[in-house]
Amino acid sequence: MSKQRLIVDPISCDAHGICAELLPELIATDEWGYPLLSEQHVPAELLALARQAVRSCPRRALLLAAQREKRA
Amino acid sequence: MRAPATAATLPRLLAGISDEGPCALEAHQRLHGPLPPPLRSKRERTALLDEVERARLCGRGGAYFPLAQKLRAVLAAGHVRAPRYVVANGAEGDPSSAKDRTLMRLLPHLVLDGVAIAGDLIGARGAVLAIGADAHDAQSALERALQERARADEGRPRTELVTVPNRYISGQETALLRCLEGGAPLPRFASPPHQRGLRGQPTLVSNVETLAHLALIARYGADWFAQLGSGHEPGSVLVTLWGAACNPGVYEVEQGAPLGALIDAAGGAAAPLRAVLCGGLAGGWVDSSEAAMITLDNRALSKRGLGLGAGTLLLLPEHACGLAETARMLRFLAAEAAGQCGPCRHGLPAIADCFEETLRGHRGARGSKRLLELAALIDRRGACSHPDGSARLLRSALRVFARELEWHARNGLCPGCEAEPILQLRPARAPRALAISGAREGARSLR
Ligand SMILES: Cc1cc2nc3c(=O)[nH]c(=O)nc-3n(C[C@H](O)[C@H](O)[C@H](O)COP(=O)(O)O)c2cc1C
Ligand code: SF4
Ligand code: SF4
């Protein structure tokens, strides 16, 4: 299985903060309430929690991805 | 490959420019020969793709991504028989840049040749050339050129000219695609144009200057292209030289040419220089002592945390205030953001506010620390790289103008703050700045 990391779709995210509550090990919030994600791969022991955070995001803005998206 | 009309000297792109206005089809063909015929077989296409790859042509829209790699990605995406499109990006949303509209205005056929060749390479169904709504002279030059070449282009996919809102963000590739669909200039998250572009199909989005280079590489080949340039960055590049230059304008320079040689070719600096803004509003400031050493080569610049970006070089004279210039730019960048992503929507105005307060001495010595904190909060946290560019500009200003910053923290506004801005941001920008004389000056080799 490939290594995964958390990414957020910043357009969809509206700072609910549920993800940071569920997974404080990997997600903090900034001063406006938007998630600050750990850039590291999600360690195996946190993968289940990470999946739960992804499912719990009311905006479907949090994603687990094999690699970081390229932006232009 | 055709024998090159020009040897290993400049001008290349700008060879056809004249005071008389746009280069007509006949003059263009006399100079460069006719557009190579459409590619007939997969073999021919592969050969030209390899040639483009060997030329190591990188995108001139700001990111310097290799064109060949992008072409291959478009070819690999979607169904084999999916219709593919070319979008030529002539939006030039950065008000500090004038090279794209100058190129389109003076050499419309070179740009249209590039669009046609890119279309050949990906077997395009059609092409769109997107241009800012205020670039009237470029628009009429392109319209005339399309009429002129209608006969010669028979049998090739159509190139449509479309105007997009005159906004900074319009040139971001996914915002541009949205504009072309009739929407507002809003970038989107993920799915790059090579996967989902025009009409949802695999699309090449390339800057108009990139395509103009392609038009010459298709004729003269990769070896010719590499006869100019530094080892890492072959070829030439268009730059917009503004500010305290005796002859500001658009110049074509050899990659790797010293910045000093460009300034000399522009008649020298009009005043002692304090700093240079390199790359445009998403670029970075460099101190004049360091600027004297830089070469215009993206690879070399990136080692200094700089880049050619949109190709702007803004010369800041000593009597101006670099911080006041930056404050206006940051305010502009905040106002131009699409407002879709939290960190960008909150962070950019917060930065513009804090920067102005620091400038007025209202933040004391704590202002710059707070600004660095805010830069970290926006960097790489948007759907597009707009906040990254703003963070780059901000950090470079704090570094290069550290001395002035300290002074401002204690004393507030300086005399330079009240002076006429060096960089005119919209709506004050004078289209006259597209100096033909500047472009002609650039005809010189700058090695
Ligand atoms: C905020 C923003 C504005 C941009 N504006 C332009 C533009 O005006 N013109 C342009 O060619 N590229 C612009 N770009 C870059 C495009 O997204 C894209 O990378 C480019 O058009 C690709 O062409 P190239 O590979 O030939 O450079 C912008 C990018 C960002 C993030
Ligand atoms: S739960 Fe979803 S919407 Fe809320 S902060 Fe996290 S990613 Fe954003
Ligand atoms: S990062 Fe800023 S400019 Fe880019 S899409 Fe998000 S809000 Fe718009």
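The values are calculated or read from the model by the stated rules, or taken from the named source; none is laboratory data. The structure displayed is predicted, hence computed values, not measured ones. Cβ placement follows ideal geometry from the backbone for every residue including glycine, while neighbour counts extend to all protein chains displayed. What goes into the accessible areas is simple: the full protein's heavy atoms, side chains included, and nothing from ligands, DNA or RNA. Shrake-Rupley method; radii C 1.70, N 1.55, O 1.52, S 1.80 Å.
For the range B:109-117, the count of residues that are open to solvent by less than 20 Å² (accessible area, probe 1.4 Å), among the charged types (D, E, K, R) and assigned to a helix (DSSP H, G or I) is nonzero. Return a yes/no flag: does the range B:76-97 have any residue that is within 14 Å of chain A (Cβ to nearest Cβ), away from ligand 3 (no atom under 16 Å from the Cβ) and over 23 Å from residue B:237 (Cβ atoms). So far as the range B:76-97 goes, yes, one or more of its residues are within 14 Å of chain A (Cβ to nearest Cβ), away from ligand 3 (no atom under 16 Å from the Cβ) and over 23 Å from residue B:237 (Cβ atoms). Assess whether residue B:284 counts as being in contact with a helix residue (DSSP H, G or I) (Cβ under 6 Å, 6 or more places away or on another chain), open to solvent by less than 20 Å² (accessible area, probe 1.4 Å) and at positive phi. Considered against the rule, which asks whether it is in contact with a helix residue (DSSP H, G or I) (Cβ under 6 Å, 6 or more places away or on another chain), open to solvent by less than 20 Å² (accessible area, probe 1.4 Å) and at positive phi, residue B:284 comes out as no.
Taking residues in the range B:353-372 that are closer than 17 Å to residue B:396 by Cα, and partners anywhere that are small (Gly, Ala, Ser) and not in a helix (DSSP H, G or I), the pairs with Cβ atoms closer than 8 Å and at least 6 places apart or on different chains are B:359/B:412.
Taking the range A:18-32 as the search range and keeping residues that are within 11 Å of chain B (Cβ to nearest Cβ) and more than 16 Å from ligand 3 (Cβ to nearest atom), which one is farthest from residue B:346 (Cα to Cα)?
Narrowing the range A:18-32 to residues within 11 Å of chain B (Cβ to nearest Cβ): A:29-32.
With more than 16 Å from ligand 3 (Cβ to nearest atom) added as a condition, the list becomes A:29, A:31.
Details: A:29: 14, A:31: 10 Å.
If we take residues in the range A:18-32 being within 11 Å of chain B (Cβ to nearest Cβ) and more than 16 Å from ligand 3 (Cβ to nearest atom), then A:29 is farthest from residue B:346 (Cα to Cα).
One residue alone among B:430, B:419 is modelled with pLDDT under 95 and more than 20 Å from the chain's Cα centre (by Cα), and that residue is B:419.
Test residue B:185 against the criterion of being within 16 Å of ligand 3 (Cβ to nearest atom) and modelled with pLDDT of 95 or more, and give yes or no. If you could, list the steps in order and put the result at the bottom.
Values: within 16 Å of ligand 3 (Cβ to nearest atom): yes; modelled with pLDDT of 95 or more: yes.
So residue B:185 fits the description; yes.
Looking for whichever is within 15 Å of the chain's Cα centre (by Cα) and among the β-branched types (Val, Ile, Thr) here; the options are B:253, B:276, B:286. Which one fits? Let's see the steps before the verdict.
Working: B:276 fails: within 15 Å of the chain's Cα centre (by Cα); B:286 fails: within 15 Å of the chain's Cα centre (by Cα).
So the residue among B:253, B:276, B:286 that is within 15 Å of the chain's Cα centre (by Cα) and among the β-branched types (Val, Ile, Thr) is B:253.
Of all the criteria given as (1) of a type in the set (A, V, I, L, M); (2) buried (at least 16 other Cβ atoms within 10 Å of the Cβ); (3) free of Cβ contacts under 8 Å to residues at least 24 places away in the same chain, the one not satisfied by residue B:10 is (3). The residues listed here are B:361, B:339; of these, the one that is in contact with a Gly (Cβ under 8 Å, 6 or more places away or on another chain), open to solvent by 20 Å² or more (accessible area, probe 1.4 Å) and small (Gly, Ala, Ser) is B:361.
Tell me which helices (runs of 4 or more DSSP H) are completely within the range B:298-393 and hold 1 or more residues being in contact with a helix residue (DSSP H, G or I) (Cβ under 9 Å, 6 or more places away or on another chain), or say none if there are none. It would help to see each step written out before you state the result.
Numbers: elements: B:298-302, B:322-336, B:342-359, B:367-378.
In the range B:298-393, B:322-336, B:342-359, B:367-378 are the helices (runs of 4 or more DSSP H) which contain 1 or more residues that are in contact with a helix residue (DSSP H, G or I) (Cβ under 9 Å, 6 or more places away or on another chain).
Residues in the range A:20-40 that are assigned to a loop (DSSP other than H, G, I, E, B) and surrounded by 14 or more Cβ atoms within 10 Å (Cβ to Cβ): A:23, A:26, A:30, A:33, A:34, A:38. Residues that are without any contact (Cβ under 8 Å) to a residue 60 or more places away in the chain and within 14 Å of chain A (Cβ to nearest Cβ): does the range B:301-314 have at least one? No.
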